[in-house]
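**Q** Before we start, here is the structure in question, set down as structure tokens.
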């Protein structure tokens, strides 16, 4: 590192670090805009993701976010602790609780400080430092102030910020293009899938869902039966959340349930969001949030039916028709039973499955390639930041 750089800690670079106003907020769109955790979800300040409150003149004067301020997520889930956003506009928004506001000393260029904090976040610094509890993690102001911070004269800070702005603008533009390509690949497959199941012809017969498939609902065992480690005589209880994470496995006595599923079964999620999930089976019992779809093998090739369940028209129908309760959309089997199913010959169904399987494989290859490009761009950002704060940019 250049000898002119000064060794300090972050606390010396702050003229202010504090929590925000603790007030009752609502989402009415009326009143003063108050920052929330989701305000900086994408590492920028989003004025559309705020709460609203009526602040006093004294509160407004104290908690107004100024241009050049940095918002820091100090309480969040582990992957998001330490995320920051730089406030670079003049619209009126006030600093709310659960985000820290950081303001730089006059000898520190605010964007230089923001890039330094971004570097810490991208390299996973806060993941190692944060204190974890059941549903969230946190770092406190003392933790943050004590982090080593090296900086040059402010003229050099500004030069580095200019270079980083240029590099990041180019990387973000490239990333945007790759993300568009990734979305286009996904949409191409979904479009082809929808087109196949919207076709009608002499080779198709139409029957109702209930005539070609049985839906078997799950059961809800008492929580008193639950254990959270595998045991002899117990089976896994499959819940919708298990398709998102294996973090919270639950087991129940095998002899206390009669509703089982296996890896080859077609499972339907009854509740959202997302509404009407279509999943592969997992070996175990399943609860009331899932239903097992058992197609008539004399009429339907199972993988044809599996693809049919993923077509957009069916999902739109379910979303529009399902009753809502407690913020969730519930799918009833009676609703599905009335829906029409196009049924070509079994041989033709197999041809359709082969076509969709091949297209899906090609799409997954494209998606993998695009994801590798996105990962490479993220690594490039990290490399540039590392050079910048080693005095090598």
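The values are calculated or read from the model by the stated rules, or taken from the named source; none is laboratory data. Just so it is clear, the model here is predicted, and its values are computed rather than measured. With ideal geometry, Cβ positions are generated from the backbone for all residues, glycine too; neighbour counts draw on all protein chains shown.
**Q** Quick one: in region 195-205, of everything that is loosely packed, with under 11 Cβ neighbours inside 10 Å and within 38 Å of the chain's Cα centre (by Cα), which residue is farthest from residue 311 (Cα to Cα)?
**A** 200
**Q** Hey, another quick one. Answer with yes or no whether residue 118 is assigned by TED's automatic domain parsing to the domain that holds residue 87, under 30 Å from the mean Cα position of the chain (by Cα) and either without any contact (Cβ under 8 Å) to a residue 60 or more places away in the chain or assigned to a strand (DSSP E or B) (or both).
**A** no
**Q** Can I ask one more? Given the condition within 22 Å of residue 374 (Cα to Cα) and not assigned by TED's automatic domain parsing to the domain that holds residue 45, answer yes or no: does some residue in region 150-163 qualify?
**A** yes
**Q** When region 290-312 is examined, which residues are found to be surrounded by fewer than 19 Cβ atoms within 10 Å (Cβ to Cβ) and over 16 Å from residue 356 (Cβ atoms)?
**A** Once the filter is applied, which keeps residues that are surrounded by fewer than 19 Cβ atoms within 10 Å (Cβ to Cβ) and over 16 Å from residue 356 (Cβ atoms), region 290-312 yields 294, 296, 297, 298, 299.
**Q** Something else about it: How many residues are in contact with a helix residue (DSSP H, G or I) (Cβ under 8 Å, 6 or more places away or on another chain) and at pLDDT below 95 if we restrict to region 3-19?
**A** Residues meeting the conditions: 1.
**Q** Filter region 222-240 down to residues that are in contact with a strand residue (DSSP E or B) (Cβ under 7 Å, 6 or more places away or on another chain) and assigned to a helix (DSSP H, G or I) and give me whichever is surrounded by the fewest Cβ atoms within 10 Å (Cβ to Cβ).
**A** Top of the filtered list is 225.
**Q** Go through region 294-306 and give me each residue that's touching a helix residue (DSSP H, G or I) at 6+ places or on another chain (Cβ under 7 Å) and outside any loop (DSSP other than H, G, I, E, B).
**A** 295, 303, 304
**Q** Now for a different question. When the residues of region 369-393 are narrowed to those that are surrounded by 12 or more Cβ atoms within 10 Å (Cβ to Cβ) and farther than 17 Å from residue 174 by Cα, which ends up modelled with the lowest pLDDT?
**A** The extreme case among them is 393.
**Q** May I pose another question? Could you say which residue among 69, 88 is surrounded by 13 or more Cβ atoms within 10 Å (Cβ to Cβ) and modelled with pLDDT under 95?
**A** Sole residue among the options that is surrounded by 13 or more Cβ atoms within 10 Å (Cβ to Cβ) and modelled with pLDDT under 95: 88.
**Q** So which of 108, 102 is in a strand (DSSP E or B) and within 21 Å of residue 157 (Cβ to Cβ)?
**A** The unique qualifying residue is 102.
**Q** For region 65-85, which residues satisfy the criterion of being assigned to a loop (DSSP other than H, G, I, E, B) and out of contact with any helix residue (DSSP H, G or I) (no Cβ under 7 Å at 6 or more places or on another chain)?
**A** The answer is 65, 66, 67, 69, 74, 77.
**Q** Could I ask something else about it? For region 58-84, name all the residues that are touching a strand residue (DSSP E or B) at 6+ places or on another chain (Cβ under 6 Å) and either farther than 15 Å from residue 18 by Cα or in contact (Cβ under 8 Å) with a residue 60 or more places away in the chain (or both).
**A** Across region 58-84, the qualifying residues are 72, 74, 75, 78, 81.
**Q** Now, a different point. Being farther than 19 Å from residue 168 by Cβ and surrounded by 15 or more Cβ atoms within 10 Å (Cβ to Cβ), is that true of even one residue in region 40-47?
**A** No.
**Q** Still on this structure: Only one residue in 112, 121, 149 is at pLDDT 95 or above, closer than 25 Å to residue 383 by Cα and touching a strand residue (DSSP E or B) at 6+ places or on another chain (Cβ under 6 Å), so which one is that?
**A** 149
**Q** Being over 20 Å from residue 190 (Cβ atoms), surrounded by 15 or more Cβ atoms within 10 Å (Cβ to Cβ), at pLDDT 90 or above and in contact with a strand residue (DSSP E or B) (Cβ under 7 Å, 6 or more places away or on another chain) is true for just one of 268, 343. Which residue is that?
**A** Going through 268, 343 in turn, just one is over 20 Å from residue 190 (Cβ atoms), surrounded by 15 or more Cβ atoms within 10 Å (Cβ to Cβ), at pLDDT 90 or above and in contact with a strand residue (DSSP E or B) (Cβ under 7 Å, 6 or more places away or on another chain): 343.
**Q** What is the one condition in (1) under 30 Å from residue 351 (Cα atoms); (2) surrounded by 14 or more Cβ atoms within 10 Å (Cβ to Cβ); (3) free of Cβ contacts under 8 Å to residues at least 40 places away in the same chain that residue 263 does not satisfy?
**A** Result: residue 263 fails condition (2) only.
**Q** Give the residues of region 198-212 that are touching a helix residue (DSSP H, G or I) at 6+ places or on another chain (Cβ under 7 Å), under 20 Å from residue 312 (Cα atoms) and not in a helix (DSSP H, G or I), sorted by residue number.
**A** 208
**Q** Continuing with the same structure: Regarding region 179-197, can at least one residue be identified that is in a loop (DSSP other than H, G, I, E, B) and either free of Cβ contacts under 8 Å to residues at least 24 places away in the same chain or not assigned by TED's automatic domain parsing to the domain that holds residue 307 (or both)?
**A** So far as region 179-197 goes, no, none of its residues is in a loop (DSSP other than H, G, I, E, B) and either free of Cβ contacts under 8 Å to residues at least 24 places away in the same chain or not assigned by TED's automatic domain parsing to the domain that holds residue 307 (or both).
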